Amino acid sequence: MAGEEAWGMSESTPILEMRKINKHFPGVKALSDVDFRLFPGEVHAIMGQNGAGKSTLVKVLTGVYKQDSGEMLLEDRPIRPDSPLAAQKLGISTVYQEINLCPNLSVAENIFVGRQPLSLGRIDWGQLNRRAVEALKRLNVSVDVTQMLSSYSIAIQQMVAIVRVLDVSSRILILDEPTSSLDEAEVEQLFKVIRKLRDDGLAILFITHFLDQTYRISDRITILKNGEFVGEYRTETLPKLDLIARMLGKELSEFSFAMAGEDRKKESQKAGQDARSLLAVKDLGLRGAIAPFSLSLDEGDVLGLAGLLGSGRTEMARLIFGIDSANQGEILVKGRKTNIKAPRSAMLAGMGFCSEDRKSEGIFAELTVRENIVLALQGRKGTFRYIPKKKQLEIADELIKSLAIKTPGANNEAGQLSGGNQQKLMLARWLATNPIILILDEPTRGIDVGAKLEIMELILNLSRQGMGVIFISSEFEEVIRCSTRVAVLKDKVKIAELSGEQMSESNIMHTIAGGR
Amino acid sequence: MKARNLPILVTLALFLIMFGGGSLAFIGFFSVQNFLNLFIDNSYLLILAVGMTFVIVSGGIDLSVGSVLALSTMVSSSLLAKSHLSPVLVIPIVLAMGTALGLFMGYLIQTFNLPPFIITLAGLYLARGLCYVVSIDTIAITNEFWKGAAHATVNLIGNNFVSPSVFIAVAVVLAGLFVMRYTRFGRNVYAIGGNEQSAVLMGLPVNHTKIAIYALSGFCSALAGIVFTFYTLSGYALHGKGMELDAIATVVIGGTLLTGGVGNLLGTVLGGLVYGIIQVLIVFQGTLNSWWTRIVIGFLVFVFCLLQRIFETGKSAALARERAKQAPKAQASS
Amino acid sequence: MLAWKRLSRSKIIWPLITLGILMLFNLFFTPNFFRIEMLEGHLFGNLIDILKNGAPIMILAIGLTLVIATHGIDISVGSVVAISAGVVAMLIGGDLAGNPKYPIAFAMGAALVACIAAGMWNGMLVSWIGMQPIIATLILFVAGRGIAMVTTNAMVIWLYAKPFALLGQGYLFGLPFSLYIVAFLLLATYLVTRRTAVGMFIEAVGINPKATRFAGINARGILFWCYAFSGLCAGVSGLVVCSTVMSADGNNAGNLAELDAILAVVLGGTSLNGGRFFLLGSMVGALIIQTLTTTIYAFNVAPEIAQVVKALVVYAVSLLQSETFRARVAGMFARREVAA
Amino acid sequence: MKKWGKIFALVAAVLLVLSVAAFAQPKHWVVGFSQIGSEREWRTADTISVQNAFLEDPTFTLIYSDAQQRQENQIKAIRSFIARRVNAILFTALVETGYGPVLQEAKRAGIPVVMIDRDVAKEDRGLRLTIMGSDFIKEGEKAGEWLADYLKKKGLDDGKKAINIVELQGTTGSAPAIERKTGFANVLKSHANWKITRSQTGNFTSSEGKQVMEAFLKADKNIDVLYAHNDQMALGAIQAIKEAGLKPGKDIIIVGVDAVKGAFEAMVAGEMNASIECSPLLGPQAVLAMRDLRDGKKLPARIYTIEGIFDETNAAEALPTRQY
């Protein structure tokens, strides 16, 4: 395809136009009169908080949902795909945030399943594998394509997912949070490919929560808020702070986070020596998961764990909370040696843990918000010291209010809440147990800016009340903003602990780059 | 050697040990004919298990196969003996009936998102009940073609022979192997078993494939029913009672994971041979109660599930973890 | 109006409607179906028979409801019924004068202990070894009947110890005694699950076992005890079955009972995917199955043909419970209205 | 010459002794026995009887295979017997048809087949030597004849008043169920006033027998006689009758088949009236037949079991001797 020609066309005619799209679910208006245009040869980002309607819009486009009203035009022809398959046939392909591949098939097959090369009516495995190797080469990935997908890291799996849709003769490529599991080098690798594809004339719809990435890759931005269209902008003409303000619908002055970081540093210096120790970990380790490490957490401490994906942050948290059992070392809670062999014993010792994977390790989608909240408390009290329903409601209502969880009521199903509110729900569950130590693994992942701020604010408040928090985030900026100290991890080893003035993004990066 | 082939090797080893042990312990055990007998006596089971392998690899289950087998013995014998239809008509009719039943169940399961366990359980009742609607008595088959198929033997090496049914079973297995390995349909079955949600989003024809899988299982059950009538020359409403569990046990012993996504027809064939040889061993032994057959098979299933967990901790545990991560309760919520 | 709305949203409405239709059918087509008379101090009639003969399945369904709520299944209950009957019969013995070999209470206790042990075996395989429930219980399903046959030396043992007959044939205040057993078990289970946190934990395990463990709840323990409880229920059911005919028949006792009981639970609205469970719904489900059987007997057709009806009922109820189906039917009506 | 004569005599004598000794020491036989299963106590008694009888004779080894009520298992077992090169096969057929091919194989291998209790289809009967066991039709007839005698003796049958009979059938489609029904129906023909009001299968089990009887009683309490195709169903039905407030054995005359121990106990208690014996003790007969076969004797085309009828008059006396 001639890139120039495609680009020339794009100025006049969009390849895709969505007009006045409306979609509502029982009780929620997900989209109202949303417009969207996509030109060939551009990377178009859709921005918005959770619940803004981004994913609903994409799902309408890919045929997962049917819009209630409004029309979609693909090259001026109306389309109405009724399934992802139908959308793909129209040239609209998607890479999802959660890797939607089959772990039991080989890498090569994952790329080609459904359209395997045939010869004489049978699948030509030789050709299939050769083509898979070639296709992966375009992303500079070289792996044994005959191995099962599940034997590779999430990052590789993500690459495979992208290669898969690239291989389809698609005219529109939708990337739904493709970078959330990739490290910086991999992101850059991906962006290279995206730019190349854009220059080849592909229309790319890009969804991410990373503002930086949006600015690095996108040509145009459409902002949605509460299911409504806010505006469409060329990226270079939209300052970052404007973008945030439009997404949140708030005034710039309302942002306290710019300040928070500085406060925190001061606080951390002030807190100093006289705080009581909540948690002391000595030489805790598990072969193959994480090298022996020590750390301590005092009252009011927020210990940030910083490191790249796969550096051992989650493994560390799991070991402390007793999800995996250590084969060496010991844990002291409030100075007393505590045998933590399961999450239950960690909980009884006063810990709480919010998993990074809230869908499969956190939320009970079919239980009510109330039940989700009281579950850990009830577990702590034991099976037979039942909390009466009335009391449960009181606890739930209080936490819903204090954490500003958006739900129609405490007796609604938790699965209906948005990602950010589910995250808060997990926090609420642990707060109900009055923990002294809270471990938060990526509590800000996959949620919108507003919710992120709220959660970070919450962490600060809790620590001010004396709680010890271990905070894990992929964004060093967030870690620094919240933490009193930062432990830096690399390749399953804790390599440094930074505090006070040492805590800065560049310092962390330098530590990771240099330390070993 | 790939780790995913390990269960098959274990099954193979198990079979060889059993065959070797039997040969040492019993006179007459070690003979080509005794080996061929395994195929003669289990041809229908192999055919059932081929269909069942497809279903289980896709992550489903089909409890109706034994009953559908019985129904096809009833229908074919009744059409032959009472309606005096020609075999040229009877065979297609019976095959079409089995396929249609499978299609019906697959349609319900897929279109209305109903649990395969319940729908095929109801299918078990339905087909069994229909047997009694056809006739409550045994129907003998006296058709010449059928008798020919029952009595015919094909000599292989020396004086050893197999029945024509063995060729049907082998053809079905070969066809199954080809379909599973070399067709898009077959690969889609694995994809659905690996992660159904993903398969939908990858644009695979999940609806059609799943319905087709149950139709295929129904077809195999009907064909197994015909082969079974070659074997017994009768239609009887109680034929194949509990055979669904034999087929499932065969598939599991063959190394297919009941969680779906992992499995191989060669393993299923070996599973069938192991299943058959247990029975032969117990007959040769001569004093063990039949209930021991059940206990041994129960024990084997137990051992196999343990083995799979031990051998595949690396692979399948990671696989399970990934799956759990990606599509928690995908079935329930979709 | 409000009550109706709540009822129509609750899952129990569909099994109730099904049962109602069955009853209505009998009202028109089965003579004397609803006649209940007083006979020698107890009630006598088809409806009483349904309750009485349904008792073993209802008892099984109580245990299975909890197991299924954990996203599990227990297909071994039929075999455990046979074990229970075999053990109790062996210990009471076939003495003609009715003198039990061992005290009846001891025999019953021993049978229940054996069945709880069987349940614990299942629970161990599922919770500690991590086997798939259907496979884990398949093992005992296959081997259990063998154990029952070994226990009874493959003989049918007839019992004459009068007091034991109370369980399955006796009456109390005019109603079959087995009904009180069902009621007691049901009430106890209800209280334990709903007046303590057990129910919530079971549902949590069924919905998301990992998150349950991460919430500091002993998910494995919950699983384990659910299967043990299912074993206990199968044991009680076995005692009732054995007492009903005063004999233990290793071949036939509890044969295919697991399928009926699973059906009862599913008909009652508990999903095989685990999660929310409905004890009362399961009881209604069991009654649907028993009513079908009794109707068939009353109609003098071969009971085997009843399986066709049973299958059709299952299809109908499954479809009614399917959101997709309801949405489609609703869509059809909506379209028709628009057209009109 | 005399000497030679002596030597000759000696050799002849030795040869004679040896040959006699060889004759007296019969060669060891392996017999395969394919049983249907152990679906009820009658069958179990049959199995145990055969197993014990062969145990008592050390010149035989019995290989026993239980098919768990599945025809395919029987065919497999016989095929394995052939592979095992047994000397003879004892065989109880689950259904009649379908054994032709495998019996053909046995014949080709020169292995004689003797049926026990249940025969194969007519066309395959050339492939087996003989059948031993009961005559189900005869049992049905015996039940009918006993009933006629009993009614006459008690003066209950005037030839005009309707006698309402309900029938509990055996497993649908099985040979004993069909033939016991036929036999009873044969007697029924000569009694115009006898009427089978209801007939339903109880599947040979007591629990189903009980449930079906309950349904009978609900529909119409006017029942004079219960004819059950086996004792187990009759015993289940007795419970149902008691629950309905009637006296089994008095208000309803109960006739069963098999004469199992439970039936004797019920007869002694006065709750059951008669049981037609269907003896499962076929073991000794089977051993005899095998010995004859080994000795090269010809077996009769049909070997019948000697069986009796038991009722209130002789049940108490026979009870202590019952083995099953």
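The values are calculated or read from the model by the stated rules, or taken from the named source; none is laboratory data. Because the structure is predicted, anything quoted here is derived from the model rather than measured. Every residue, glycine among them, receives a Cβ derived from its backbone with ideal geometry; neighbour counts consider all protein chains shown. Note: areas computed on protein heavy atoms with side chains; ligands, DNA, RNA excluded. Shrake-Rupley method; radii C 1.70, N 1.55, O 1.52, S 1.80 Å.
Structure summary
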| item | result |
| --- | --- |
| D:L156 - accessible surface, heavy atoms, 1.4 Å probe, Å² rounded to 10 | 80 |
| Virtual spin-label span in nm between B:N159 and A:R464, 7 Å along Cα→Cβ | 9.8 |
| Difference of contour (0.36 nm per residue) and Cα-Cα distance, C:A327 to C:Y190 | 46.1 nm |
| Hz values of 3J(HN,Hα) by residue in the stretch D:139-152 - Karplus curve (6.51, -1.76, 1.60), Gly and Pro given as x | 4, x, 5, 4, 4, x, 5, 4, 4, 4, 4, 4, 5, 5 |
| Chain A - Kirkwood radius from inverse mean 1/r over Cα pairs (Å) | 24.7 |
| Contact order relative to length of the stretch B:3-320, as percent, for alpha carbon pairs under 8 angstrom and 6 or more apart | 35 |
| Neighbour net charge for B:L48 - beta-carbon separation under 13 angstrom, K R +1, D E -1 | -4 |
| All Cα pairs of the stretch A:263-513, percent lying beyond 22 Å | 53 |
| Estimated inter-spin distance, D:D292 and B:A152, nm [label 7 Å along Cα→Cβ] | 4.1 |
| Simple label model, 7 Å out from Cα along Cβ direction - A:R234 to D:N52, nm | 10.4 |
| Mean ellipticity per residue at 222 nm, deg cm²/dmol - from DSSP H runs of n ≥ 4 across chain C, formula -39500 (n - 2.57) | -23000 deg cm²/dmol |
| Dipole magnitude of the protein assembly as shown about its Cα centre (Cβ charges: Lys, Arg +1; Asp, Glu -1), debye to nearest 20 | 1180 |
| Table column - 3J(HN,Hα) (Hz), the stretch C:261-274, Karplus curve with 6.51, -1.76, 1.60, x for Gly and Pro | 5, 4, 4, 4, 5, 5, 4, x, x, 7, 7, 5, 7, x |
| Shape call, chain C: gyration tensor on alpha carbons, a/c limit 1.5 | oblate |
| Protein-only accessible surface order, largest first, of B:M52, C:M23 at 1.4 Å | C:M23, B:M52 |
| In Å², nearest 10: area of D:E145 left accessible to a 1.4 Å probe | 100 |
| Mean Cβ count within 10 Å, highest first, over the residues of peptides B:83-91, A:348-356 | A:348-356, B:83-91 |
| Extreme residue, positive dipole direction of the stretch B:3-320, given options B:S72, B:L89, B:T259 (C-beta unit charges) | B:T259 |
| Amide H partners (placed H, <5 Å) of A:F353, local residues excluded | A:I439 |
| For the stretch D:186-201, 3J(HN,Hα) per residue [Karplus equation, 6.51 cos²θ - 1.76 cosθ + 1.60, θ = phi - 60°, Hz, x = Gly/Pro] | 4, 5, 4, 4, 8, 10, 5, 8, 7, 9, 7, 7, 9, 8, 8, 7 |
| Protection proxy ranking, peptides B:134-143, A:200-209, average beta carbon neighbours within 10 Å, highest first | A:200-209, B:134-143 |
| Nonlocal amide H pairs with A:G304, under 5 Å, H built at 1.01 Å | A:F471, A:T484, A:R485, A:V486, A:A487 |
| Cβ neighbours within 10 Å from other chains - mean over D:81-93 | 3 |
| Average partner coverage of C:310-317, which counts Cβ from other chains inside 10 Å | 6 |
| Average beta-carbon neighbours from other chains, 10 Å sphere, peptide C:196-206 | 5 |
| Across A:K89/A:K196; B:K147/D:K122; C:K52/D:K250; D:K161/D:K221; A:K29/A:K89; A:K54/A:K359, pairs whose alpha-carbon gap is larger than 21 Å | A:K89/A:K196; C:K52/D:K250; A:K29/A:K89 |
| Above-threshold pairs, the threshold being 24 Å between Cα atoms, out of C:K162/D:K242; A:K23/A:K406; A:K334/A:K492; A:K240/A:K452; D:K153/D:K189 | A:K334/A:K492 |
| Shape call, the stretch D:136-278: gyration tensor on alpha carbons, a/c limit 1.5 | rounded |
| D:I63 long-range amide H proximity, modeled H, under 5 Å | D:V31, D:G32, D:F33 |
| Chain B: C-alpha gyration tensor shape, a/c 1.5 cut-off, then a/b vs b/c | oblate |
| Heavy atoms of D:K153 accessible to a 1.4 Å probe, total area in Å² rounded to 10 | 140 |
